[in-house]
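Inspection log for the structure reproduced underneath, given as structure tokens.
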Amino acid sequence: ACATGKIATAQKAIGQLVSGGSGMCTGSLISENGHFITNNHCVDDQSGIDGLEYRFNFQNTTCTGTSVAQTTSVRGGKFNKTSVGLDYTVLQLPKSTATKFGHLTVDPVDVKKGHSIYIVGHPGGRKKEISTVDSESGGKACKITAVNVNAGGQTPKANVGYTCDTEPGSSGSPVLSAGSHKMIALHHLG
């Protein structure tokens, strides 16, 4: 999908985690102070953070173009908090990163089945992509299909299920409400 309107604004805060020159996961700025969230299985401590690069604006310049936009790289960061059971890690990047790219608002809403969503990430380590449909359902819009889901080794009833095209590298991508454009979940377990 192509980013326009509020989707174009929301996608700016999403970056790719790069280790050893290769894209490995996705994450998002979630505060004006540079707090960044991704999955615990992507990075879980300060030593892992020290070796990472975060690429912002790694995307095409236009929806149908093939030219890469001016990408900004940030290195390092400061470990803040992690959870294996909820599969998240929060770290802090320089505040100037959030000043330049903005941040997502995390919505504490109770998500219900049928809630329309989209996911912005770096599937396969590629440039940023926006997933708005599920090809396995014949191209229907992405939506929440289950709430309070138990998922292998995770905190009981802490997951939601949804239909939306993703690939490895999408781990840590924000699951965004199609209505509010706020973050309602953190993608993992593709």
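Springs between alpha-carbon pairs under 10 angstrom, Gaussian network model over the chain: which of Gln70, Gln59, Gln11 fluctuates most?
Top of the fluctuation ranking is Gln70.
Relative contact order (percent) for the range 62-167, with alpha-carbon contacts under 8 angstrom and 6 or more residues of separation?
20
Report the Cα centroid-to-centroid distance between the range 14-44 and the range 107-168 in angstrom, as an integer.
Taking the Cα centre of each part, the range 14-44 and the range 107-168 sit 18 Å apart.
Which whole-number percentage describes the relative contact order of the chain, with Cα contacts under 8 Å and a sequence gap of 6 or more?
Across the chain, relative contact order equals 24 percent.
So what does the Cα-only Debye profile of the chain read at q = 0.10, 0.12, 0.13 Å⁻¹, as log10 I(q)/I(0), no solvent term?
-0.36, -0.52, -0.62
Counting alpha carbon pairs within less than 8 Å and at least 6 residues apart, what relative contact order, in whole percent, applies to the range 4-115?
Computed value for the range 4-115: 30 percent relative contact order.
Using θ = phi - 60° and the Karplus relation 6.51 cos²θ - 1.76 cosθ + 1.60, list the HN-Hα couplings for the range 126-134 in order, rounded to whole Hz, with x at every Gly or Pro.
Whole-Hz 3J(HN,Hα) from phi for the range 126-134: 7, 4, 3, 10, 10, 9, 10, 10, 10.
Tell me, what HN-Hα J-couplings in whole Hz come from the Karplus equation 6.51 cos²θ - 1.76 cosθ + 1.60 at θ = phi - 60° for each residue of the range 7-17, using x for Gly and Pro?
Each residue of the range 7-17 in turn: 5, 4, 5, 4, 5, 4, 7, 9, x, 9, 8 Hz.
Hey, for a label at Lys81 modelled as a point 7 Å past Cα toward Cβ, could you say which residues of the range 161-190 have their backbone N under 18 Å away?
Residues 183-187 qualify, since their backbone N sits under 18 Å from the label point.
Quick check: at a probe of 1.4 Å, how many percent of the accessible area of the range 126-177 sits on carbon and sulfur atoms?
Its accessible area is 50 percent carbon and sulfur atoms.
Would the range 1-113 count as rounded, prolate or oblate if I go by the C-alpha gyration tensor, calling it rounded below 1.5 in a/c and otherwise prolate when a/b exceeds b/c, oblate otherwise?
Because a/c hits 1.5 or more and a/b fails to exceed b/c, the range 1-113 counts as oblate.
Using the Cα gyration tensor of the range 81-144, with a ≥ b ≥ c the square roots of its eigenvalues, what is the shape: rounded (a/c below 1.5), prolate (a/b larger than b/c) or oblate (neither)?
The shape class here is prolate.
So, for the range 52-190, what is the accessible surface per residue at a probe of 1.4 Å, expressed in square angstrom?
Using a 1.4 Å probe on heavy atoms only, each residue of the range 52-190 averages 51 Å².
Go through the range 98-103 residue by residue and turn each phi into a ³J(HN,Hα) via Karplus (6.51, -1.76, 1.60, θ = phi - 60°); whole Hz please, and just put x for glycine and proline.
Per-residue couplings from phi come out as 5, 4, 6, 10, x, 8 Hz.
Carbon and sulfur atoms: what percent of the 1.4 Å accessible area of the range 1-70 do they account for?
Accessible surface attributable to carbon and sulfur in the range 1-70 totals 48 percent.
Under a GNM of the chain (C-alpha, springs under 10 Å), which listed residue has the highest mean-square fluctuation: Gly85, Gly169, Gly125?
Top of the fluctuation ranking is Gly85.
Anyone know which of Asp165, Asp110, Asp50 comes out most mobile in the 10 Å Cα GNM of the chain?
Asp110
The values are calculated or read from the model by the stated rules, or taken from the named source; none is laboratory data. The structure presented is a predicted model; accordingly, all values stated were derived computationally and were not measured. Using ideal geometry, Cβ is built from the backbone for each residue, glycine included, and neighbour counts are taken over all protein chains shown. Just the protein is used for accessible areas: all its heavy atoms, side chains included, with ligands, DNA and RNA removed. Shrake-Rupley method; radii C 1.70, N 1.55, O 1.52, S 1.80 Å.
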